[in-house]
Each structure stands twice: as structure tokens, then as C-alpha cells.
């Protein structure tokens, strides 16, 4: 079953399987600068309007559109 980051449970660590930006190179480049790429671990630590995710030792606030592009 393919899940994206919007489907993630809080506090559970996932491995990023794929980044699917549908050809949006700017979005893909932005996610890569966050350290968000295939094989990397990611955890959703909070969910309000946006998602707060932990990648490596940093936390980032990402919107649902970005979260949808991150398959776990």
C-alpha cells in the first residue's frame, strides 16, 4: 500500500520510499535541501495546519501539498 506523509501516524518513524513531485523540479530541489530523499528516515512530530517533521536532527514545518509528494 502506497502511503504519503499525510497518512503518517504521529511519532512513528518511516523510511521515505519515493519523492513524487510530478515534475516540479523546484519542489523536488527544496525537499532535497531539507534532507528529504529516498532511504531517509522521517517522523511526523506534530500536525496542526501543517506537519512538523523530523529529518535527521532537524525539524521542519511542511504543508500538506509537500507532504503528499513524500511517499512512505
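Read-outs throughout are calculated quantities, based only on the coordinates presented, and are distinct from any laboratory measurement. Because the structure is a prediction, the values reported are computed rather than measured. A quick note on method: Cβ atoms are made from the backbone with ideal geometry, for glycine too, and the neighbour counts reach across all protein chains shown.
Among 24, 57, 46, the largest mean-square fluctuation in a Gaussian network model of the chain, built with springs joining Cα atoms closer than 10 Å, belongs to 57. Ranked for footprinting exposure by Cβ neighbours inside 10 Å, fewest first, 17, 48, 56 give 48, 56, 17.
Per residue of the chain, the DSSP helices (runs of n ≥ 4 H) give a summed -39500 (n - 2.57) that works out to -5000 deg cm²/dmol at 222 nm. Each of 2, 19 was scored by other Cβ atoms within 10 Å of its Cβ. Arranged with the fewest first, they read 2, 19.
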